[in-house]
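The values are calculated or read from the model by the stated rules, or taken from the named source; none is laboratory data. As the structure is a computational prediction, the values presented were derived from the model and not from experiment. Cβ atoms come from the backbone with ideal geometry, glycine included; neighbour counts cover every protein chain shown. Calculation scope for accessible area: heavy atoms of the full protein, side chains included, ligands and nucleic acids excluded. Shrake-Rupley method; radii C 1.70, N 1.55, O 1.52, S 1.80 Å.
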Amino acid sequence: MTPWEPNETGADSVRIPQEEERELIEIELLLEGMHRLYGYDFRNYALPSLRRRIWHYAHAEGVKSISGLQEKVLHNRSSFERFVQNLSIPVTEMFRDPSLFRMFREKIIPILRTYPYIRIWHAGCSTGEEVYSMAIMLHEEGLYDKARIYATDMNDRSLQQAKEGVYGIEKMKLFTTNYLEAGGTKAFSEYYTAKYNSVIFHPFLQKNIIFAEHNLATDRSFNEFNVIFCRNVMIYFNDELRNHVHGLFHESLSHFGILVLGSKESIHFTEFSDAYEPLDRTEKIYRKIK
């Protein structure tokens, strides 16, 4: 069993085994109930980070126990929806880790040029910044018209923001810096219109993007892809769920398809490690070979 951390109040830095066991039972019952009632499966998420988020939401709701939270979540749909939003907090930005996008432009774009049609899946796309980054790069490389980008996430609120393509203007300085470091060839401001405290990305970037809900824990493969991006999503999964998702990606990738993982993730120590060859070990870019 993973050692428990102190609770968010810091009041019980030493916890007795009986308390740990009771809390574990409460968490298991809550997650089982959510899966059976709503179809959302968090049962194989990494326990320490999951516990922190559960207690964070419980405190926000004024609930003193996980059993009390279970009553709210299982009897109130709006409470459940807020809880899911809390469990899937988006962390992303345009051209995040610029060196990855530069390497993709240099190593993978030439491969994609040889394809008559390109399908790319951004799994766990969050609020869409990574998806628009890909659309911009493909546009600059003259490949966007023959590409389809599938952007999926389990968080419908994040998906809605991604569809709208509206972001805070205060983020543009960082996004512009990332874009230039990633090898951008134009003025980044050409891709959006500023209005008050927000910017909206131009509609032509959305024309080949398909946004849809998809839960990596419970949903199946829905197409064959040349490229799959799934970055810093599986760090929240335990080994069982991580292997399940890698199986989903392996099934969904075409032969010689490209898998791009996050900086803290790896194909190693999974059941599919020998099915890929590394194209760039530093940037976690792999090619399916069997």
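Descriptive notes on the structure:
- Gyration tensor (alpha-carbon) shape descriptor, the stretch 21-87, a/c threshold 1.5: rounded
- For the stretch 6-154: rounded, prolate or oblate by the Cα gyration tensor [a/c cutoff 1.5]: prolate
- For the stretch 123-229, chymotrypsin sites (Phe, Trp or Tyr not before Pro) meeting the loop criterion (DSSP other than H, G, I, E, B) and having at most 14 other Cβ atoms within 10 Å: 196, 222.
- Nearest-ten-degree value, helix 47-60 long axis tilted from longest Cα axis of the chain: 70
- Correct choice for Rg/Rh (Cα atoms, Kirkwood Rh) that was computed from the model, options (i) 1.19; (ii) 1.06; (iii) 1.00: (iii)
- Per residue, the chain exposes 48 Å² of solvent-accessible protein surface, assessed with a 1.4 angstrom probe and all protein chains in place.
- Portion, in percent, of the accessible area of the stretch 98-288 that falls on carbon or sulfur, probe 1.4 Å: 50
- Probe 1.4 Å, all protein chains present, accessible-area order of 56, 214, 35, 75, largest first: 75, 56, 35, 214
- Rel. contact order, % - alpha carbon contacts under 8 angstrom, at least six apart, the stretch 21-87: 31
- Straightening the chain between residue 113 and residue 185 buys 24.1 nm, computed as 0.36 nm per residue apart minus the Cα-Cα spacing.
- Exposure rank, largest accessible area first [156, 97, 239; 1.4 Å]: 239, 156, 97
- Cross-link pairs 107/288; 173/195; 146/207; 264/284; 207/284; 171/195 - those with Cα-Cα distance over 19 Å: 207/284
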